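Engineer: Supplied in structure tokens, the structure appears directly below.
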Amino acid sequence: MILYEFEIKEILESIGLPVEKSCLLNYPIEGTERCLEDLSPPFIVKAQVRGWGRGKAGLVKTANSIDEALKISREFLSRDFRGEKIRYVMVSEKKAVQREMYLSFMVSSLPPGYLLLASKYGGVDVEDLARKPGGLLRIFIDPFEDLRDYMVRRVASYLELPYNHVADMIYSLWKVFRDYNFTLLEINPLALTDQGILALDRKGIIDDDSLGDKKLAGIAQRYYSELDALGRTAVERGFAAVKLDGNIAVIGNGAGLTMATLDAVNDAGGKPGFFLDLGGGAEMERVKEAVKLVLGQSHIDRVLINILGGITRCDEVARGVVEALRETGNRNVKIVVRLSGFMEEEGRRILLDAGIKPYDSLEDAVVEVVK
């Protein structure tokens, strides 16, 4: 489940991490706007969405007064984002930032474990950071070990910050990541201000299996109350799924991978119409049900399946795709599959035997599904 930014901010505040002062508005604004009186302008006004790309969609703006912040908030609450109505707006005090950096923790499928990513450059998409020489530091964390001090010192050195200025922040984010069962926790930017290091913009995805945890009760209740019939069906089958307003469905194994694939389709000029995360270790039957769910959406005429095989076997994925097409009949929907990792050769053979061309690279697969 993709969290709202304000939900992540509340979690960070609960453990004492330094964040900016903010006010949460919802519809109707009247009755919720009084909290703005406790803030000092200028403000950053951010629509709260379950997804990436709100900045490019014009859903983050600056306001110099309470009246301007309210005007922008009303505008945001009248809009939608990728087919989903915007329900919340967060207004925050705009901080004077000396440096913007990037920090994230995520689950790694191949090899299995965790990744700590850091960059000297904040406010930039992680895909762009990866293409910049020296733009991204990657540290693998063994799943049977903890975050080690030498790793934190390596990050501090890379970011050119004193260890004692950033260590508490890194350890605290790691604790939140593990305690709340995040699959992705991203701070972008991690900002150096005159008040010290602040986590100024937050993104995160939590494993759906953890929604029964008591400390997530409020977040889970909000999430389930917003689900439509399709969302409830996906949850019942154990998928994380979001209906969007385009025509291309994206299926992946792992929320971070699926979101990155969604962004790649967007960047190539495609219009995503469905997001479905299989999770890890998906077997043939689970893949079949996921593909059938996607093919049942009348607005979808193209499907991109992007699999990095670690605990997920590429041959099981291929069998699931083929079986779903056999049971439903391919209603002239273009199916593009990219397989990489465990049992990929067998998976590709199964697809070829069924008349489906497999792709080695995500770039080639995206070009094919968009054209």
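Engineer: Would you say Ala290 is hydrophobic (A, V, I, L, M, F, W, C) and over 21 Å from Gly246 (Cα atoms)?
Structural biologist: Considered against the rule, which asks whether it is hydrophobic (A, V, I, L, M, F, W, C) and over 21 Å from Gly246 (Cα atoms), Ala290 comes out as no.
Engineer: Then there is this: Only one of these is modelled with pLDDT of 90 or more and either touching an Asp or Glu at 6+ places or on another chain (Cβ under 7 Å) or hydroxyl-bearing (Ser, Thr, Tyr) (or both): Thr233, Thr193. Name it. Reasoning before the result, please.
Structural biologist: On the way: Thr233 fails: modelled with pLDDT of 90 or more.
Exactly one residue qualifies, and that residue is Thr193.
Engineer: Given the range 184-244, what strands (runs of 3 or more DSSP E) lie entirely inside it while holding 1 or more residues that are assigned by the TED database to the domain that holds Ser104 and surrounded by 14 or more Cβ atoms within 10 Å (Cβ to Cβ)?
Structural biologist: It comes to 196-199, 202-206.
Engineer: Which ones in the range 9-50 are closer than 26 Å to Ile170 by Cβ, among the small types (Gly, Ala, Ser) and crowded, with 18+ Cβ neighbours inside 10 Å?
Structural biologist: Correct list: Ser22 only.
Engineer: Quick check on my filter: what residues within the range 88-110 are in contact with a Gly (Cβ under 7 Å, 6 or more places away or on another chain) and surrounded by fewer than 18 Cβ atoms within 10 Å (Cβ to Cβ)?
Structural biologist: Of all residues in the range 88-110, those in contact with a Gly (Cβ under 7 Å, 6 or more places away or on another chain) come to 100-102, 106-107, 109-110.
The one that is in contact with a Gly (Cβ under 7 Å, 6 or more places away or on another chain) and surrounded by fewer than 18 Cβ atoms within 10 Å (Cβ to Cβ): Leu110.
Engineer: Now for a separate question. Mind listing whichever residues of the range 260-303 are closer than 21 Å to Val107 by Cβ and not small (Gly, Ala, Ser)?
Structural biologist: Thr261, Leu262, Asp263, Phe275, Leu276, Asp277, Leu278, Glu283, Arg286, Val287 - these are the residues of the range 260-303 that are closer than 21 Å to Val107 by Cβ and not small (Gly, Ala, Ser).
Engineer: Shifting gears a bit: Filter the range 65-87 down to residues that are more than 25 Å from the chain's Cα centre (by Cα) and small (Gly, Ala, Ser) and give me whichever is surrounded by the most Cβ atoms within 10 Å (Cβ to Cβ).
Structural biologist: Of everything passing the filter in the range 65-87, Ala69 is surrounded by the most Cβ atoms within 10 Å (Cβ to Cβ).
Engineer: Test of understanding: among Gly310, Gly296, Gly341, which residue is more than 22 Å from Ala240 (Cα to Cα) and either surrounded by fewer than 22 Cβ atoms within 10 Å (Cβ to Cβ) or free of Cβ contacts under 8 Å to residues at least 40 places away in the same chain (or both)?
Structural biologist: Gly341
Engineer: Related question: Which of the residues belonging to the range 341-356 are among the basic types (Lys, Arg) and farther than 17 Å from Asn306 by Cβ?
Structural biologist: If the condition is that a residue be among the basic types (Lys, Arg) and farther than 17 Å from Asn306 by Cβ, then Arg349 is the only one that fits.
For (1) within 16 Å of the chain's Cα centre (by Cα); (2) modelled with pLDDT of 90 or more, each residue gets a yes or a no:
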position	(1), (2)
Ser108	yes, no
Tyr121	no, yes
Arg131	no, no
Pro143	no, yes
Glu160	no, yes
Asn164	no, yes
Phe177	yes, yes
Leu184	yes, yes
Ile187	yes, yes
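Engineer: While we're looking at this one, here's another question. Determine which single condition Ile219 fails, assuming it passes every other condition in (1) within 23 Å of Ile187 (Cβ to Cβ); (2) of a type in the set (Val, Ile, Thr); (3) touching a Lys or Arg at 6+ places or on another chain (Cβ under 9 Å).
Structural biologist: Tallying (1) within 23 Å of Ile187 (Cβ to Cβ); (2) of a type in the set (Val, Ile, Thr); (3) touching a Lys or Arg at 6+ places or on another chain (Cβ under 9 Å), Ile219 fails exactly one: (3).
Engineer: Shifting gears a bit: Examine the range 67-83 for a residue that is at pLDDT below 95 and acidic (Asp, Glu), and state whether such a residue exists.
Structural biologist: Scanning the range 67-83 turns up at least one residue that is at pLDDT below 95 and acidic (Asp, Glu).
Engineer: If you check Val321 against the conditions, is it in contact (Cβ under 8 Å) with a residue 12 or more places away in the chain, surrounded by fewer than 20 Cβ atoms within 10 Å (Cβ to Cβ) and within 17 Å of Glu368 (Cβ to Cβ)? Before you say what the answer is, go through the steps one by one.
Structural biologist: Numbers: in contact (Cβ under 8 Å) with a residue 12 or more places away in the chain: yes; surrounded by fewer than 20 Cβ atoms within 10 Å (Cβ to Cβ): no; within 17 Å of Glu368 (Cβ to Cβ): yes.
No; evaluated as a whole, the condition is false for this residue.
Engineer: Do you know which residues across the range 244-273 are free of Cβ contacts under 8 Å to residues at least 60 places away in the same chain and under 14 Å from the mean Cα position of the chain (by Cα)?
Structural biologist: Answer for the range 244-273, where residues must be free of Cβ contacts under 8 Å to residues at least 60 places away in the same chain and under 14 Å from the mean Cα position of the chain (by Cα): Val250, Ile251, Gly252, Thr258.
Engineer: For the structure I just gave you, tell me whether Ala241 is aliphatic (A, V, I, L, M) and at pLDDT 90 or above.
Structural biologist: So Ala241 does not fit the description; no.
Engineer: Another question, if that's okay. In the range 201-254, what residues are hydroxyl-bearing (Ser, Thr, Tyr) and under 12 Å from Tyr180 (Cα atoms)?
Structural biologist: Ser210 - this is the single residue of the range 201-254 that is hydroxyl-bearing (Ser, Thr, Tyr) and under 12 Å from Tyr180 (Cα atoms).
The values are calculated or read from the model by the stated rules, or taken from the named source; none is laboratory data. Bear in mind the structure is a predicted one, so any value in this text is a computation, not a measurement. Cβ sites come from the backbone with ideal geometry, for glycine too, and all protein chains shown count toward neighbours.
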